[in-house]
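Let me begin by presenting the structure, written as structure tokens, before commenting on it.
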Amino acid sequence: MDKLVIEGGARLAGEISISGAKNAALPILCASLLSREPLALANVPALNDVVTMRRLLARMGVEMHAEGATVVADAGRVTTPEAPYDLVKTMRAAILVLGPLLARCGEARVSLPGGCAIGARPVDQHIKGLAAMGAEISVEHGYIVARAARLKGTHLVTDLVTVTGTENLMMAATLADGETVIENAAREPEVVDLANCLVRMGANISGAGSDRIVVNGVAALHSAHHRVMADRIETGTFLTAVAATGGDVMLAGGEAGTLDAVLAKLAEAGVRCEASDAGIRVRASGRPRAVNLRTAPYPGFPTDMQAQFMALNSVAEGTGVITETIFENRFMHAQELLRLGADIEIEGNTAIVKGVPRLTGATVMATDLRASASLVVAGLIAEGETVIDRIYHLDRGYEALESKLSAVGARVTRRR
Ligand code: EPZ
């Protein structure tokens, strides 16, 4: 099992190029199922989750091939409208094939994703919305089994804000009969990127990025070319790393407009970020100031940046209070940060982080994707050597992390 070995203390300086967004690429790859014509995608990140998704789609009969850095998905023939447990259990985003399969094939059999380290993560809103659109849908032996001759447009109000729930329902609605309104929709930039790709494919969508999305169903979608947006969470992770180590780094391709809440918190911490067409330049020196934050659906502070900010608060001046409102178990990184010398008290969904002057290296274990990112940030500032175990979690969501960090002066290597 691969480990990352980090010798802490290096100041970061230079340029890092930001990859395509995992959480945009995954739904957009699923959107290829909606058309009999090929979908060409640029800027698809080389991540394990993307490999898993491409494997899943190929099993369904989607012809996948790469033309340089462009991935072409051709769903001319969907032979097997099914997402089996062995793939879904390793990547819960596979649930995103449910809406497209129903809309395109009139049937789908998708394994329930099951829980994960950060929470139960039910998919009841996905199921409820599709049923409201006329699907006959049940759960049998751990699989969602769904049928619909043709989905019908309807007025949906989700009980809570769900990113992939919004994406599944929006994709299903593109080929439904009539108008679908999704109220209480997720506003994340990845939802907007997916909507932009669907519109390029011929879908009729308005309101993406707001909490009310309106989709008028069309008979068929056609071929298109789309460039996946830059990964805002990868960008935020590197911003936090520089904030912690001190330095001056240009994040080429970073889109500041998708990170307002994170940039506001970094400014509060005393970190200087300058946005331009080229990306985001981040400069920091000395200890950051502690910040309080509360995660919330976009445009609030992203839950996917909570763990990284806990690492930053661990070495900040003062005490920062972090409240996690999205997932019920997303503080797994706290125990590992304590091993590095952090001072963190957990009370329910709140973490009280008292900044300490320094962390000291230790062996720690990654538990989930963003928790592992948090341990990387901490390892970059801890005195001595930090060894992060189980970094397969990291490889799901970060492309070439150790080489990107090494290129700006970090002392980090992968040990098989
Ligand atoms: C997406 O997950 C992201 N994943 C997550 O990123 C991200 O943390 C999350 O949105 C929140 O922003 C992808 O886009 C592939 P939700 P998703 O449905 O859609 C509850 C990462 O690190 N809920 O918005 O699964 C749910 O339990 C990953 O890249 C229901 O109760 O999250 C959670 O408490 C981690 N019923 C809350 O809503 C449902 O039917 C928000 O979940 C759906 C969700």
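The values are calculated or read from the model by the stated rules, or taken from the named source; none is laboratory data. In this text, all values refer to a predicted model and were calculated from it rather than measured experimentally. As a convention, Cβ positions derive from the backbone with ideal geometry for all residues, glycine included, and neighbour counts pool all protein chains shown. When the accessible area is computed, the model is the full protein with side chains, heavy atoms only, and any ligands, DNA or RNA have been set aside. Shrake-Rupley method; radii C 1.70, N 1.55, O 1.52, S 1.80 Å.
Across region 128-162, the qualifying residues are those that are assigned to a helix (DSSP H, G or I) and crowded, with 22+ Cβ neighbours inside 10 Å, and the one among them that is nearest to the ligand (Cβ to nearest atom) is GLY129.
Residue pairs whose Cβ atoms lie under 7 Å apart, separated by 6 or more positions or on different chains, with the first residue in region 343-354 and closer than 11 Å to ILE322 by Cβ and the second among the aromatic types (Phe, Trp, Tyr) and surrounded by 14 or more Cβ atoms within 10 Å (Cβ to Cβ), are ILE346/PHE331; ALA351/PHE331. Against the definition (within 15 Å of the chain's Cα centre (by Cα) and either among the hydrophobic types (A, V, I, L, M, F, W, C) or within 12 Å of the ligand (Cβ to nearest atom) (or both)), how does ALA25 come out, yes or no? Judged against the criteria, ALA25 is a match. Within region 209-223, restricting attention to residues that are closer than 17 Å to GLY153 by Cα and open to solvent by less than 40 Å² (accessible area, probe 1.4 Å), the residue that is nearest to the ligand (Cβ to nearest atom) is ILE213.
The set of residues in region 186-208 being of a type outside the set (Lys, Arg) and part of a loop (DSSP other than H, G, I, E, B) consists of ALA186, GLU188, MET201, GLY202, ALA203, GLY207.
Taking residues in region 252-269 that are without any contact (Cβ under 8 Å) to a residue 24 or more places away in the chain and more than 17 Å from THR303 (Cα to Cα), and partners anywhere that are among the β-branched types (Val, Ile, Thr) and not in a helix (DSSP H, G or I), the pairs with Cβ atoms closer than 8 Å and at least 6 places apart or on different chains are GLU268/VAL291.
Quick grid of which residues meet (1) exposed (fewer than 15 other Cβ atoms within 10 Å of the Cβ); (2) in a helix (DSSP H, G or I):
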position: ALA267; (1), (2): yes, yes
position: CYS273; (1), (2): no, no
position: ILE280; (1), (2): no, no
position: ARG283; (1), (2): no, no
position: VAL291; (1), (2): no, no
position: PRO299; (1), (2): yes, no
position: MET305; (1), (2): no, yes
position: MET310; (1), (2): no, yes
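For LEU112, the conditions (1) open to solvent by 40 Å² or more (accessible area, probe 1.4 Å); (2) over 28 Å from GLY153 (Cα atoms) are fulfilled apart from (2).
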